[in-house]
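Data block below; observations after.
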Amino acid sequence: MNEIANIIEQLKENYLTILVFLSIIPSMYAIFFSSSENDERGQKITSLAYQYSYFFCLAAILILFIVNRLVDLTFADFRAGVITIVLLVNFFLGITLFTLNRKY
């Protein structure tokens, strides 16, 4: 049981590294998709994906500011929150592009 607790603690300490590696695949898809789809359909899909991602980013930053006001986060915690939001938005953009590409 102690080994599982150690693994969980290591994951908590290195979650930003894990998020970086997880966001690489969707970002590569976004780069290749935006360079290959230059027609009207591709522009519509890209526009919608960026709109959804922008809304997700703004909502997440608003939630982070509300949590900061309620809990009084340290600078390191706030910075980790912002980095997490940026990585999650990148991941969300790639997933949204993939989903909209399959839908339209």
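None of the figures in this text is laboratory data; all of them are computed from the coordinates on show. Here the structure is a predicted model, which means the values were calculated and not measured. Note: ideal-geometry Cβ built from the backbone for every residue, glycine included; neighbour counts use all protein chains shown.
Using the Cα centre of segment 2-103 as origin and beta-carbon charges of +1 (Lys, Arg) and -1 (Asp, Glu), tell me which of PHE65, LEU87, SER53 is placed farthest towards the positive end of the dipole.
Comparing the listed Cα positions along the dipole, SER53 ranks first.
At 7 Å along the Cα-to-beta-carbon direction for both LYS44 and LEU62, put a label point, then send me their distance in nm to one decimal.
Placing both labels 7 Å beyond Cα along the Cβ direction yields 2.8 nm.
What length, rounded to one decimal in nm, is gained on full extension from THR17 through to ILE4, with 0.36 nm per residue of separation minus their alpha-carbon distance?
Stretched fully, the THR17-ILE4 segment lengthens by 2.7 nm.
Where Rh is the Kirkwood radius over the Cα pairs of the chain, the temperature 4 °C and the viscosity 1.567 mPa s, what D in µm²/s does Stokes-Einstein return?
84
Along Cα→Cβ, 7 Å out, is where each label goes; now give me the distance between the ones at ILE31 and ASP77 in nm to one decimal.
Output for this residue pair reads 3.5 nm.
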